[in-house]
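Everything below concerns the one structure shown next.
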Number of protein chains: 2
Amino acid sequence: VTRRNIKLVLAYDGTRYCGWQRQKNALSIQEVIESKIAIMTREAPRLTASGRTDAGVHALGQVCNFVTFSSLSPEAFQRGLNSLLPEDIFIHGAEEVSPDFHSRFAARSKRYRYRILNRSDPDIFSRNHLWHVPHPLDLPKMKRCLSSLEGTHDFSSFRSSGSGNTNPVRRIHRAELTGPQGGLLYITMEADGFLRHMVRNVVGTLVEIGRGKTEEERFIEILESRDRRSAGFKAPPQGLYLVEVFYGE
Amino acid sequence: VTRRNIKLVLAYDGTRYCGWQRQKNALSIQEVIESKIAIMTREAPRLTASGRTDAGVHALGQVCNFVTFSSLSPEAFQRGLNSLLPEDIFIHGAEEVSPDFHSRFAARSKRYRYRILNRSDPDIFSRNHLWHVPHPLDLPKMKRCLSSLEGTHDFSSFRSSGSGNTNPVRRIHRAELTGPQGGLLYITMEADGFLRHMVRNVVGTLVEIGRGKTEEERFIEILESRDRRSAGFKAPPQGLYLVEVFYGE
C-alpha cells in the first residue's frame with residue numbers, strides 16, 4: 001500500500017459555515033469534507049488548506065491536500081466527493097501530487113476579491129454574496145488609496161487582533177478596484193500572504209474614504225502608523241472570495 | 001378616519017418560506033409582511049396578493065394590497081417595511097389605490113420566468129436560484145414546442161392535481177426561450193393566468209424533450225390530451241420567478 005498525497009481545488013459558499021477550520025461546536029468546511037473522504041477511504045483524513053477563511057467568507061479556488069493509503073484515482077475522489085458533499089461545496093479538480101507538497105507552505109501567492117453592490121436598492125438574491133453599500137462612493141479616491149498598497153509594506157494597521165505574532169510585512173502584487181459593472185465594484189488583492197482580516201479591514205477603510213467620512217490623506221497615515229487601532233471599519237465577510245492560490249516558482 | 005387601500009410591489013427570495021400563503025406550521029411571506037404592517041399600524045391587516053407562489057419560488061414583482069385606517073403615507077409604509085422586513089423581502093413600491101382595487105381580480109396578465117443553468121458544473125452560489133441541468137439540450141426543439149403554446153389552449157395536461165375545478169383554458173401572450181447567456185437559459189411565459197404548477201410542468205416537459213427523452217411530437221399530443229397524467233417531470237421551484245403583474249385595460 002502506498003502513501004499518496006492528493007490535492008483538491010474547490011469552491012464553497014461560506015454562508016452556512018463557521019469558516020474553513022474545524023471548531024468544537026460549529027460546522028466547518030474542513031469537517032464536512034474530511035467526513036466525506038472518511039466515507040470513501042475508511043481512513044481518518046486530515047485536510048491541510050492554503051489558509052483559513054472566516055465564517056461567511058467564500059472560495060472560488062481554495063486549495064487543500066490530504067494523505068491517503070487508498071488506491072482511488074484523483075478523478076474518483078473528485079466525482080465521489082461531489083456526489084457526497086452538500087450543494088454549497090464543489091470540488092473543481094483533484095490530482096496526485098508529490099509527497100512533500102503542502103497547501104499552505106508551498107503557496108507562493110493568493111488572490112482575494114471583494115464584491116460591493118453600490119446602488120440604493122439591495123439585491124435580495126445576493127445578500128449573502130456581496131456587501132451592499134447604498135451611499136455614493138468617490139471611486140477615484142478609493143483607487144488611488146488602493147494602488148498605494150502595491151509593493152512591500154508592514155500591514156500591522158490592517159490586521160485584526162488575535163492573529164499572533166507573525167511577521168506583518170507582506171508584498172502586494174496587485175491591488176485594484178474595477179467597476180462599476182451593473183452596480184458592482186470589485187476590489188482585487190493579490191499578495192504573497194494575508195494577515196487576519198486584512199482584506200476586510202482595507203475594504204472597510206476604503207469605503208469610509210469613498211463616502212467622505214475619512215480623508216484620503218489618512219489612508220497612508222493609517223498604513224504608516226502600523227497601529228491596528230487606527231484603521232477604520234471592517235467590511236462584512238459575505239463580500240469576500242478567495243479566488244485563487246498560486247504555486248510554483 | 002379614512003379607510004385606505006395600499007398597493008405594494010415587492011420582491012422576495014422564496015428559499016426560506018413555505019410560499020406566499022399563510023400556513024399553520026410554516027413561515028409564509030404573507031405572514032411575515034402582515035406582522036410588520038401590524039407593528040406599523042397596530043391593526044390586523046389582511047394582505048391580498050395577485051396569486052400564491054409555492055415554496056422556494058421567487059418574485060421580482062409580486063403585487064399585493066391591504067386595507068388600513070392608518071394615516072401613514074405610502075412612502076412611509078415602504079421605508080418602514082423595508083427597515084422591519086428580513087433581508088430576503090424588499091418592497092419596491094407603495095401607492096394608495098382606489099378602494100375597489102383587488103390585486104388578484106384586477107390582474108390582467110402575469111409574467112413568469114424560469115432560469116436554467118445548462119452546463120456540466122453547478123454554480124454553488126446560485127443553487128437556490130436556478131435549476132442546474134448538466135445534460136446537453138436541443139434548444140431549437142424546445143423553442144418550437146414552447147412557441148406552440150402561444151394562443152388560447154386548455155392546459156389541463158400541465159396543471160398539477162389539487163388545483164380545484166377552475167377553468168383550465170388560458171391565453172398565452174408570450175412563450176419564449178432565450179439564451180444561452182453564460183450558460184443560462186431563460187424561459188419566459190406571459191398569460192392571462194396560470195394553473196397550479198403550470199410553468200414548472202411545462203419547463204420539466206420541455207427539458208425532457210431537449211434531452212431527447214421525449215419525442216418533440218409528444219409535446220402537442222400531451223397538450224391536446226388534456227390529461228394531467230400525460231405531462232412529464234415537474235421542474236423544481238427554485239428556478240421560477242414571478243417577474244411582473246400587469247393591470248389596467
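The values are calculated or read from the model by the stated rules, or taken from the named source; none is laboratory data. Because the structure is a prediction, the values reported are computed rather than measured. Cβ sites come from the backbone with ideal geometry, for glycine too, and all protein chains shown count toward neighbours. Protein only, heavy atoms only, side chains kept; ligands, DNA and RNA dropped before computing areas. Shrake-Rupley method; radii C 1.70, N 1.55, O 1.52, S 1.80 Å.
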Just need a number here: residues in the stretch A:1-24 that are part of a strand (DSSP E or B) and more than 23 Å from A:TYR241 (Cβ to Cβ). 3
So which residues in the stretch A:1-41 are under 14 Å from A:ASN82 (Cα atoms) and either aromatic (Phe, Trp, Tyr) or at pLDDT below 95 (or both)? A:TYR12
Given the condition farther than 19 Å from B:PRO136 by Cα and modelled with pLDDT under 95, answer yes or no: does some residue in the stretch B:231-241 qualify? yes
Kindly provide the set of residues from the stretch A:127-152 that are among the acidic types (Asp, Glu) and over 23 Å from A:TYR241 (Cβ atoms), ordered by number. A:ASP138
Any idea which residue in the stretch A:1-35 is farthest from A:GLY193 (Cα to Cα), counting only those that are of a type in the set (Gly, Ala, Ser) and surrounded by fewer than 16 Cβ atoms within 10 Å (Cβ to Cβ)? A:SER35
In the stretch A:68-106, the residues that are open to solvent by 50 Å² or more (accessible area, probe 1.4 Å) and assigned to a strand (DSSP E or B): A:HIS92, A:GLU95, A:GLU96
Can you give me the number of residues within the stretch B:25-35 that are among the hydroxyl-bearing types (Ser, Thr, Tyr) and assigned to a loop (DSSP other than H, G, I, E, B)? 1
Inter-residue pairs, beta-carbon under 6 Å, first more than 12 Å from A:ILE33 (Cβ to Cβ) and within 12 Å of chain B (Cβ to nearest Cβ) and in the stretch A:71-97, second open to solvent by 40 Å² or more (accessible area, probe 1.4 Å) and among the acidic types (Asp, Glu), 6+ apart: none
Here are B:ALA38, B:ALA44: which of them is assigned to a helix (DSSP H, G or I), over 26 Å from B:ASP192 (Cα atoms) and out of contact with any Gly (no Cβ under 8 Å at 6 or more places or on another chain)? B:ALA38
Go over the candidates B:ALA59, B:ALA55, B:ALA38 one by one and state the one that is more than 14 Å from every other protein chain (Cβ to nearest Cβ) and in contact with a helix residue (DSSP H, G or I) (Cβ under 9 Å, 6 or more places away or on another chain). B:ALA55
Of the numbered conditions (1) in contact with a Pro (Cβ under 7 Å, 6 or more places away or on another chain); (2) of a type outside the set (S, T, N, Q); (3) closer than 15 Å to B:ARG104 by Cβ, B:CYS64 fails exactly one; give the number of that condition. (1)
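Just to be sure I understand, how many residues within the stretch A:107-125 are away from every other protein chain (no Cβ under 14 Å), of a type in the set (D, E, K, R) and part of a loop (DSSP other than H, G, I, E, B)? Let's see the steps before the verdict.
If we filter the stretch A:107-125 for residues that are away from every other protein chain (no Cβ under 14 Å), which is where we start, we get A:107-112, A:114, A:116, A:118.
Those still in the list that are of a type in the set (D, E, K, R) too: A:108, A:110-111.
Those left that are additionally part of a loop (DSSP other than H, G, I, E, B): A:108.
Going through the stretch A:107-125 one residue at a time, the tally reaches 1.
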Test B:ASP121 against the stated conditions and say whether it is within 21 Å of the chain's Cα centre (by Cα) and acidic (Asp, Glu). no
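Can you tell me how many residues within the stretch A:54-64 are within 15 Å of A:LEU8 (Cβ to Cβ) and crowded, with 21+ Cβ neighbours inside 10 Å?
Within the stretch A:54-64, the first condition is being within 15 Å of A:LEU8 (Cβ to Cβ), and the residues that meet it are A:59-64.
Filter once more, so that each one left must be crowded, with 21+ Cβ neighbours inside 10 Å: A:59, A:62-64.
Qualifying residue count for the region: 4.
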